[in-house]
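Here the structure comes first, spelled out in structure tokens, and everything after it is commentary.
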């Protein structure tokens with residue numbers, strides 16, 4: 001499966017995640033199977049797809065946490081600056 005995604009960057013993975021979340025699991029498995037057969041001449045198992053989806057979910061969660069931390073730090077910096085005035 002990793003060979004199938006070698007050309008993917010961050011935004012491409014985000015788009016793929018959105019498609020996976022919004023599409024029926026059976027259809028996703030079928031599409032991945034077709035892509036693997038066509039592009040790398042291999043098959044994909046349900047277990048591989050499940051693990052990949054878990055990794056994408058974890059990545060999305062950490063992105064959200066990082067954005068919240070960044071916003072919190074900006075607010076704290078502004079508040080600190082306001083107290084100094």
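For segment 40-56, filtering for residues that are assigned to a helix (DSSP H, G or I) and surrounded by 13 or more Cβ atoms within 10 Å (Cβ to Cβ) leaves 5. Among the residues making up segment 8-28, those that are at pLDDT 85 or above and outside any helix (DSSP H, G or I) are 9, 23, 24.
The values are calculated or read from the model by the stated rules, or taken from the named source; none is laboratory data. Just so you know, these numbers come straight off a predicted model, no measurement behind them. Glycine also receives a Cβ, built like all others from the backbone with ideal geometry; neighbour counts cover every protein chain displayed.
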